[in-house]
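The values are calculated or read from the model by the stated rules, or taken from the named source; none is laboratory data. Quantities reported herein were computed from a predicted structural model and do not represent experimental measurements. No Cβ is skipped: glycine too gets one built from the backbone with ideal geometry, and neighbour counts run over all protein chains shown.
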Amino acid sequence: MNTDTPAPSGQWTPQPTPPMPPMSPAPQPGFVAPAPAVFPPADAAIATWGLTKTFGQKVAVNGLNLAVRRGEFFGFLGPNGAGKSTTIKMMVGLLRPTSGTAFIGGVDVWRDPLAAKAAMGVLPEQLNLYERLSGRELIEFAGRLYDIPKDEVRHRTNSLLNVLMLADDADKLVVDYSVGMRKKVSLAAALIHRPQVLFLDEPFEGIDPVSSRVIRNILRDLTASGTTIFFSSHIMEVVERLCTRVGIIQGGTLVAEGTLAELRARAGGSGAENRSLEDIFLQLVGADTREGGLEWLE
Ligand SMILES: Nc1ncnc2c1ncn2[C@@H]1O[C@H](COP(=O)(O)OP(=O)(O)OP(=O)(O)O)[C@@H](O)[C@H]1O
Ligand SMILES: [Mg+2]
């Protein structure tokens, strides 16, 4: 157990990630750090404390401390390989942290996974779907897992199929679905039990502009009615349009976190208030966008 990282006292607010605590003895597989007494904060729908994942020598996520309030639309950004999907997998109970833990609505995902999972919907990065089911069967199956009455499942499934423009393909097998259709049917399955917290790992990848608008509207309506959404994306315009708060992770460490206005202020410089999220992102991750070295291709 790490005793070197001071437990937060009083009202806990997200802090920049503290320095990696000395790892001695080496964390055991399955090690979960106990949460400090004042953690998670009462208004947090999602909270992580010291969330860490190592793969061999590689520290994929490094002591992530984060709190997302109820009803927030939180955008999680970072370059390829930064640790976004690894973080989400640990938050939703798909990948056991090396140390630290995550809470959903105050429930520790790794101590009480069933209660935590009942409250969440997940659209993972890699969609492992039951290929031999039809789209309709897949959504209904997801609904039945949550003990929703059959008639209600049927009603919700039909409305999701209609809104997501899958009705014409509802009885086709998932194995024959296109990339975008697979994503939409997975989103429907994640929504069927009306989760309080929704995790979406790159939900707009492979989605056409019409469906993208439909999904944006669904997500907006959900947050307006109190659902908390945590999503990762590389599409800066969408994040800018939807998110109330943004976190940027790089090399497994949270390098910035706040509202768009706060991130702009932090980026500083003349005209900072008009900077696009893309500019802020490139500045904060210290991207080197110089081209060159591909003369042989020209
Ligand atoms: N199962 C694994 N075994 C070994 N290394 C892994 C594993 N999963 C992820 N990693 C490594 O962890 C780091 C973070 O990966 P992750 O998938 O979380 O990145 P990401 O931010 O989601 O990237 P992208 O934007 O490309 O989806 C990468 O260096 C990746 O190679
Ligand atoms: Mg990813």
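Of note, LEU138 does not satisfy the criterion of being assigned to a helix (DSSP H, G or I), outside the structural domain of ALA189 (by TED's automatic domain parsing) and over 14 Å from the mean Cα position of the chain (by Cα).
Please determine, by comparing only the residues of the range 217-258 that are over 14 Å from the mean Cα position of the chain (by Cα) and of a type in the set (Lys, Arg), which one is nearest to ligand 2 (Cβ to nearest atom). Among them, the one singled out is ARG241. Of the residues making up the range 112-135, at least one is within 16 Å of ligand 2 (Cβ to nearest atom), farther than 25 Å from THR244 by Cβ and free of Cβ contacts under 8 Å to residues at least 12 places away in the same chain. Any residue in the range 228-246 that is assigned to a strand (DSSP E or B), within 15 Å of ligand 1 (Cβ to nearest atom), of a type in the set (Val, Ile, Thr) and in contact with a Phe, Trp or Tyr (Cβ under 7 Å, 6 or more places away or on another chain)? The answer is no; no qualifying residue exists.
Yes or no, residue by residue, for (1) crowded, with 18+ Cβ neighbours inside 10 Å; (2) of a type in the set (D, E, K, R); (3) assigned to a helix (DSSP H, G or I):
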{"residue": "LEU129", "(1), (2), (3)": "no, no, no"}
{"residue": "GLU152", "(1), (2), (3)": "no, yes, yes"}
{"residue": "THR157", "(1), (2), (3)": "yes, no, yes"}
{"residue": "ASN162", "(1), (2), (3)": "no, no, yes"}
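Within the range 87-94, not a single residue is away from ligand 2 (no atom under 13 Å from the Cβ) and more than 24 Å from VAL185 (Cα to Cα). Residues that are outside any strand (DSSP E or B) and surrounded by 20 or more Cβ atoms within 10 Å (Cβ to Cβ) within the range 247-279 comprise GLY252, LEU263, ARG264, LEU277, listed in sequence order.
The set of residues in the range 54-82 being within 13 Å of ligand 2 (Cβ to nearest atom) and either closer than 20 Å to VAL197 by Cβ or part of a strand (DSSP E or B) (or both) consists of ALA60, VAL61, PHE76, LEU77.
What are the residues in the range 96-107 that are touching a strand residue (DSSP E or B) at 6+ places or on another chain (Cβ under 7 Å) and in a loop (DSSP other than H, G, I, E, B), if any?
Within the range 96-107, the subset touching a strand residue (DSSP E or B) at 6+ places or on another chain (Cβ under 7 Å) is 97-105.
Those that are touching a strand residue (DSSP E or B) at 6+ places or on another chain (Cβ under 7 Å) and in a loop (DSSP other than H, G, I, E, B): PRO97, THR98, GLY105.
With respect to the conditions (1) without any contact (Cβ under 8 Å) to a residue 24 or more places away in the chain; (2) assigned by TED's automatic domain parsing to the domain that holds LYS183, GLN57 falls short on a single one, namely (2).
For the range 202-212, the criterion of being of a type outside the set (Ser, Thr, Tyr), modelled with pLDDT under 95, over 29 Å from GLY106 (Cα atoms) and touching a Leu at 6+ places or on another chain (Cβ under 6 Å) is met by no residue. Tell me, please, whether a residue that is under 23 Å from LEU219 (Cα atoms), aromatic (Phe, Trp, Tyr) and either crowded, with 24+ Cβ neighbours inside 10 Å or modelled with pLDDT under 95 (or both) can be found in the range 75-89. Checking the range 75-89: at least one residue is under 23 Å from LEU219 (Cα atoms), aromatic (Phe, Trp, Tyr) and either crowded, with 24+ Cβ neighbours inside 10 Å or modelled with pLDDT under 95 (or both). In the range 154-207, of all residues being closer than 22 Å to VAL238 by Cβ and hydroxyl-bearing (Ser, Thr, Tyr), the one that is farthest from the chain's Cα centre (by Cα) corresponds to SER178. For the range 193-216, the set of residues classified as away from ligand 2 (no atom under 16 Å from the Cβ), outside any strand (DSSP E or B) and closer than 17 Å to MET120 by Cβ consists of HIS193, ARG194, PRO195, GLN196, listed by residue number. Scan the range 35-74 for residues that are surrounded by fewer than 18 Cβ atoms within 10 Å (Cβ to Cβ), within 15 Å of ligand 1 (Cβ to nearest atom) and within 27 Å of PHE204 (Cα to Cα) and report the count. Residues flagged as surrounded by fewer than 18 Cβ atoms within 10 Å (Cβ to Cβ), within 15 Å of ligand 1 (Cβ to nearest atom) and within 27 Å of PHE204 (Cα to Cα) within the range 35-74 amount to 0. Per the listing PRO209, PRO195, the residue uniquely more than 16 Å from ligand 1 (Cβ to nearest atom) and surrounded by fewer than 20 Cβ atoms within 10 Å (Cβ to Cβ) is PRO209. Scan the range 100-116 for residues that are of a type outside the set (Val, Ile, Thr), touching a Gly at 6+ places or on another chain (Cβ under 6 Å) and more than 16 Å from ligand 1 (Cβ to nearest atom) and the total you get is 1.
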